[in-house]
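Asks: Before I ask anything, let me first share the structure, which is written out below as structure tokens.
The values are calculated or read from the model by the stated rules, or taken from the named source; none is laboratory data. None of the values given here were measured: they were computed from a predicted structure. Here the Cβ positions follow ideal geometry from the backbone for every residue, glycine too, while neighbour counts run over all protein chains shown. Each accessible area value is taken on the protein alone, full model and side chains, heavy atoms only, with ligands, DNA and RNA left out. Shrake-Rupley method; radii C 1.70, N 1.55, O 1.52, S 1.80 Å.
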Amino acid sequence: EVSEAVFQAVTSRPLPALGDMIDALGPAVSGGHLKLVSFDSEAEELFVRTGLAGAWSTSPGADWLSLISTNMLPNKIDYFLHRTMQVTTEIDHETGELESTVTVTLRNDAPPEGLPGYLIANAQGLPYGTNKDALALYTPHALDSVVVDGQEAPVQRQEGLGGHIYTVPVLVGPESAATVEFRLSGTAPAGRFYELDLLHQPLVNMDQVS
């Protein structure tokens, strides 16, 4: 009922001035929580100028990385998911060869019981409170290996957004954690200094990155 009322209000009532809307929504935009896209070129140009556009942007000459989680169960268990990511990169400055290890820990704080089904249940017969994610790593580098909790894991490989997309299914039980390790190799961007752009996914719980 709330969603329907909000939609009806936004699409039928006169909207405030653009400046007032920008002031009201500014914190959500600057925090990366609100993004808009339009297939109308003039509208998309407006989104770009106001910081609402969701297109990725990387610094010239920088390496880049993005980690995207997708809930594979029809529930709201993402509320309980916490991610930590450690990126370790070694570069041979004579050859430009790069080796990088991206270690991701997914901690699922969902309880095994005591909450409504739409929050922690699922239609796949998994125990209540189980988190099942498709964890995708976006990078310009090649994937050498990926392991989940020390075991080699199946990976889906795709191309997109100017690089590679490596997706791994990860199952995390209630009040448990899982660790995923990606090993990458490639060529470091030319330049005296190494810079890494992290393209963050807006989440309920912000990533902890080192």
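Asks: Sort out the exposed loop trypsin sites (Lys or Arg not before Pro) in the chain (DSSP loop, at most 16 other Cβ within 10 Å) and tell me the longest stretch that has none.
Replies: Counting only loop sites that pass the neighbour cut-off, the longest clear stretch is 77-191.
Asks: For 30, 145, 66, give me the order by solvent-accessible area with a 1.4 Å probe, most accessible first, ignoring ligands, DNA and RNA.
Replies: Sorted by accessible area, descending: 30, 145, 66.
Asks: What's the longest uninterrupted piece of the chain once you rule out the GluC sites (Glu not before Pro) that are loop residues per DSSP with at most 14 other Cβ within 10 Å?
Replies: 2-93
Asks: Which shape class applies to the range 21-130: rounded if a/c is under 1.5, otherwise prolate when a/b exceeds b/c and oblate if not, where a ≥ b ≥ c are the square roots of the Cα gyration tensor eigenvalues?
Replies: Oblate, since a/c reaches 1.5 and b/c is not below a/b.
Asks: Another question, then. Give me the number: length gained by fully extending residue 113 to residue 49, i.e. 0.36 nm times residue separation minus the C-alpha to C-alpha distance, one decimal in nm.
Replies: Taking 0.36 nm per residue and subtracting the Cα distance, the gain is 18.4 nm.
Asks: Let me ask something else about it. What percent does the relative contact order of the chain come to when contacts are Cα pairs within less than 8 Å and at least six residues apart?
Replies: In percent, rounded to a whole number, it is 26.
Asks: Going through the range 150-210, which chymotrypsin sites (Phe, Trp or Tyr not before Pro) have at most 10 other Cβ atoms within 10 Å and a DSSP loop state?
Replies: For chymotrypsin sites (Phe, Trp or Tyr not before Pro) across the range 150-210 that sit outside H, G, I, E and B with at most 10 neighbouring Cβ atoms in 10 Å, the list reads 193.
Asks: Round to the nearest 0.05 the FRET efficiency obtained for residue 17 and residue 40 when R0 = 25 Å and r is the Cβ-Cβ distance.
Replies: 0.75
Asks: Accessible area of residue 41, 1.4 Å probe, to the nearest 10 Å²?
Replies: Only protein atoms counted, so the area is about 90 Å².
Asks: Additional query: As a check on your grasp of the helix formula, calculate [θ] at 222 nm for the chain: sum -39500 (n - 2.57) over DSSP H runs of n ≥ 4, divide by the residue count, round to the nearest 500.
Replies: Calculated at 222 nm, the ellipticity per residue is -5000 deg cm²/dmol.
Asks: Taking R0 as 25 Å, what's the FRET efficiency between residue 25 and residue 126 from their Cβ-Cβ distance, rounded to 0.05?
Replies: About 0.10, to the nearest 0.05.
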